[in-house]
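Step one of this worksheet: look at the structure below.
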Amino acid sequence: MPKREARRVAGSEQVGPYTLLRVERGGLDPGVPGQFFMLEAPGRLLPRPMSVCLAPRGELAFLIDPVGPGTRALCALQPGGRIGVFGPLGNGFRLDVERPLLVGGGIGVAPFPYLSQRLGGPRAVLGFRSAWHAEAAVLVPNAEVVLEPAYVTEALPAAHGVLACGPEPMLEAVRRLTPHAQLAWEAPMACGYGACYGCVVEIDGALRRLCVEGPVLAAA
Ligand SMILES: Cc1cc2nc3c(=O)[nH]c(=O)nc-3n(C[C@H](O)[C@H](O)[C@H](O)COP(=O)(O)OP(=O)(O)OC[C@H]3O[C@@H](n4cnc5c(N)ncnc54)[C@H](O)[C@@H]3O)c2cc1C
Ligand code: FES
C-alpha cells in the first residue's frame, strides 16, 4: 500500500549531471522496480514523480535530472533536510523475464540500478548524449554504454526479454524492434494515484492514466 510520509534526507551526491538523492526509508515499502514515488519539491505546489533508483537497507534513493524548478529544488536538498514522499505508485516491471536485457537512455536509467539488483545483474545497454551523462552507468552493473550519435537501438542483441526506460523516440524504436518489450513511459503527473487525469496518454488509440495503468506497459 502506498504511504505518505515526511522523511529525512540521508544524502545527496552528484553522478555526472544528475543528483542521487538518498532518503531515510522509515516504514516505506520500496515497491517493485519501475514503480515511482511522488516527491514534494520545496517551494513547489505539486509533487514530482520519481522512479525508485536504489533501495538499500533503510533508504530509498532517486536519481534526478535537474530539468526545471521542481527537480532543481529536489537536487538542492541537503542531508538532514525533510522531504514529503508518497508511494510506491503505479505498475512496475514484471520480473519473470527470460534472458532480461535493460535498455535505457539518459535519465531513463534511473530505475535500472534497483531493477538490475532484483534481476541478478543482467546485461544492460545504456545510451547517453555525452561521457558526462554516461557517468550514471556506474550505477548499473554489466552495462554497455553507447554515446550519441550512435543509438542503443543499433546495439540491441537478439533473443532477449527487453525492459526499457528512456525518451519517447527511443521507446518507440524499441517497441518496433521488440514487440514483447516492457516499456516505462513518462507523462506530467499531478496526483500520481488516478484522481486528476493529468497523465492521460493515448496509446494505440486508447486513453490511459499512466500513473494507474503504467508507467510500465507492454509494448505490443
Ligand atoms: C513515472 C515517472 C517517473 C519518473 N522518474 C524520474 C526519475 O527517476 N528521475 C528524473 O529525473 N525524472 C523522472 N521523471 C520525470 C520528472 O518527474 C520530471 O522531469 C519532473 O516532474 C519535472 O519537474 P520540474 O519542475 O523540474 O520541471 P518542469 O518545469 O515541470 O518541466 C521541465 C520540462 O520537462 C517537461 N516535463 C515535465 N514533466 C515531465 C514528464 N513527466 N514527462 C515528460 N516531460 C516532462 C516539461 O514539459 C518541461 O519541458 C519521471 C516521470 C514519471 C512520470
Ligand atoms: S497523475 Fe493524476 S491521474 Fe495520473
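Values in this text are rule-based calculations from the coordinates and carry no lab data. These figures come from a predicted structure and were not determined experimentally. Positions of Cβ are generated from backbone atoms using ideal geometry, with glycine treated the same way; all protein chains shown enter the neighbour counts.
Relative to its Kirkwood radius, the Cα radius of gyration of the range 95-195 gives an Rg/Rh of 0.96. Each residue of the range 54-59 is assigned a 3J(HN,Hα), and the resulting list reads 8, 9, x, 3, x, 9 Hz, derived from the Karplus form 6.51 cos²θ - 1.76 cosθ + 1.60 (θ = phi - 60°), x at Gly and Pro.
Helix content alone sets the calculated 222 nm mean residue ellipticity of the chain: runs of n ≥ 4 DSSP H residues at -39500 (n - 2.57) each, divided across all residues, give -3500 deg cm²/dmol. Using θ = phi - 60° in the Karplus curve 6.51 cos²θ - 1.76 cosθ + 1.60, the 3J(HN,Hα) couplings for the range 113-123 round to x, 5, 4, 4, 4, 5, 9, x, x, x, 5 Hz; x is entered for Gly and Pro. As a length-normalised measure over Cα pairs under 8 Å and 6 or more apart, the relative contact order of the chain settles at 20 percent.
Here r is the Cβ-Cβ distance between Glu5 and Tyr151 and R0 is 35 Å; the resulting FRET efficiency, rounded to 0.05, is 0.30. Across every pair of non-identical alpha carbons in the range 1-153, the mean reciprocal distance, once inverted, gives a Kirkwood radius of 15.7 Å.
Taken along the Cα-to-beta-carbon direction at a fixed 7 Å, the label points for Arg176 and Glu13 span 3.9 nm.
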